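Contents: one structure, followed by commentary.
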Amino acid sequence: MNTAIIKPQWSPLTIALMVMGFIVFWPLGLAVLGYILWGEKFGGSPEKAQAYFNKGRAWCTSNKGHRHGWNNHRYGMSSSGNAAFDEYRSEQLKRLEEERARLDAEIEDFHEYMANLNKAKDREEFDRFMNDRRGSRQGYTEPSKDNGDQNNNGWGNNNNQA
């Protein structure tokens, strides 16, 4: 016996509820649309809804072993029946895994190289900024490394001018 006040069918009332649901709060409108489309399958009882859910879950789990692709060996792909082909396939998969590992290592090395390059670039920009900042200060002298032979671009201590 179906005692639902609003039947899961296309009627002016359910369409109006769906539209109002989308206007007020879109997931509510989506829930009403789902009820209209699939409400009869559940039959209005939690037991039927659970049975429908279990049937769908059983279908999903039964199709796990039917994947196709080069990496199915890792997912328990069965033997082809030909020992030579199985051996060839396992060698190729091993070779591909080694190549993948080598490429992953190269990617890691490249990322490390780029990080070092960015650090060097950042260091160069920072040093340029600090040199410009030091140069803009009046009377600032940078400690000389070559016994005063550097020119400091005209900036520096003005004590030794005549």
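Nothing in this text is a laboratory measurement; each read-out follows from the coordinates by a stated rule. Note that the coordinates shown come from a computational prediction; the quantities given were computed from them, not determined experimentally. Methodologically, a virtual Cβ is constructed for each residue, glycine included, from the backbone with ideal geometry; neighbour enumeration extends over all protein chains shown.
Look at Thr14, Thr61 and count the other Cβ atoms within 10 Å of each Cβ; fewest to most, that gives Thr61, Thr14. Here the Karplus relation 6.51 cos²θ - 1.76 cosθ + 1.60, evaluated at θ = phi - 60°, turns the backbone of the stretch 119-136 into coupling constants of 5, 5, 5, 4, 4, 5, 5, 5, 4, 4, 4, 5, 5, 5, 5, 5, x, 7 Hz, with x for every Gly and Pro. The HN-Hα couplings worked out from phi for the stretch 17-29 by the Karplus form 6.51 cos²θ - 1.76 cosθ + 1.60 (θ = phi - 60°) are 5, 5, 4, 5, x, 5, 6, 6, 7, 4, x, 5, x Hz, whole numbers, x standing for Gly and Pro. For Val19, Val32, the sequence from fewest to most other C-beta atoms within 10 Å is Val19, Val32.
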